[in-house]
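Since the structure comes first, as structure tokens, the remarks are kept for the end.
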Amino acid sequence: MVALWHGEDIHPAHIFPRGCVLNDGESTYNPEDVLPWIANLRTAIPDIRFVVAARFVADTRYVVRFQVSGTHTGSFKTAIGTAPATRNSITAHGIEVFDVRDDRIVGVWEAWDWRSVYAAIGARL
């Protein structure tokens, strides 16, 4: 999954089935929905890198703590507007819990602290 977000040539259907559940039913998505999210993020932060800082397994769930970093060199489209490139470095931390069945992620619970990213790109809430 990290390789997919790093831009490697991996089809999302190898990682996510149709109807993957986000945040215990907040929404669902299909493999083809993932590529536009990745493209948007990689357009804004082409050198983005996700590092697995820690992880553990509990039954069919994988708990992963991530650190993400990169440089904001392109337009970043968000739910609250588009941020033009600032050339600022960004870092963020997050925890994701993946529910895995048949070697694919069928559910994701995510909690990210994007405040430092928003501050770095000049967003004001």
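List of remarks:
- Selection from the stretch 19-39 of residues that are surrounded by 12 or more Cβ atoms within 10 Å (Cβ to Cβ) and touching a Ser or Thr at 6+ places or on another chain (Cβ under 9 Å): Cys20, Val21, Leu22
- Whenever a residue of the stretch 10-29 is free of Cβ contacts under 8 Å to residues at least 12 places away in the same chain, it has no partner that is among the charged types (D, E, K, R) and part of a helix (DSSP H, G or I) lying with C-beta atoms less than 8 angstrom away and at least six residues away or across chains.
- Test: residue in the stretch 59-73 that is over 22 Å from Glu8 (Cβ atoms), outside any loop (DSSP other than H, G, I, E, B) and aliphatic (A, V, I, L, M): yes
Condition check ((1) closer than 25 Å to Thr43 by Cβ; (2) free of Cβ contacts under 8 Å to residues at least 12 places away in the same chain) across all residues:
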residue	(1), (2)
Ala79	yes, yes
Ser89	yes, no
Glu96	yes, no
Val100	no, no
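- Residues in the stretch 12-36 that are touching a Pro at 6+ places or on another chain (Cβ under 9 Å) and over 18 Å from Arg101 (Cβ atoms): Glu32, Asp33, Leu35.
- Filtered by the rule that a residue be more than 19 Å from Ile48 (Cβ to Cβ), part of a helix (DSSP H, G or I) and not aliphatic (A, V, I, L, M), the stretch 3-22 gives a lone residue, His14.
- Residue within the stretch 37-54 that is in a strand (DSSP E or B) and farther than 20 Å from Glu8 by Cα present: yes
- Only one of the numbered conditions (1) surrounded by fewer than 12 Cβ atoms within 10 Å (Cβ to Cβ); (2) more than 19 Å from Glu8 (Cβ to Cβ); (3) more than 13 Å from the chain's Cα centre (by Cα) is violated by Ala111, and that is (3).
Since every read-out is calculated from the coordinates, none of them should be taken as a lab result. Source: prediction; values computed, not measured. Note that we place each Cβ from the backbone using ideal geometry, even for glycine, and neighbour counts take in every protein chain shown.
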